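Derivation of every value follows stated rules applied to the coordinates shown; laboratory data play no part. Owing to the predicted nature of the structure, the values given are computational and were not obtained by experimental measurement.
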Amino acid sequence: MHRLDLPSGSDEQSARPAAPGQPFPAGGLWLGAMVPKRWARRAVTRNLIKRQIYSIGEQRLASPADAAYLVRLRAAYDRQQFRSAASELLRAAVRREVEQLFDRARNDRRVAA
């Protein structure tokens, strides 16, 4: 998980689009998911992982924060262990891992504040 702190959105600059070289407009909460085909060959699996990331992100990042988050898959799930592309076992494993990422991000944010 990557996190980028954004300038506060309370000032008048937040209404304007992002400046050149600035990827996001000021303020707000942004969440992105990157699941390469290299690590999840089937579209069903990639979509399952993205849905889990967005679902958990909506729940865990509900507090107002001026930040952009990017969650990316860095390794493949074992095809021997998860035979089906969208099994309940895979869904639970992904959910557990993504929840740990968001918990760690929340705890790191508390330490930094």
Multiply the residue gap between Gln81 and Arg38 by 0.36 nm, knock off their C-alpha separation, and tell me the result in nm, one decimal place.
13.7 nm
Listed by chain and number, the residues whose amide H is under 5 Å from that of Leu31, excluding neighbours fewer than 5 places away on the same chain and using placed H, are Tyr69
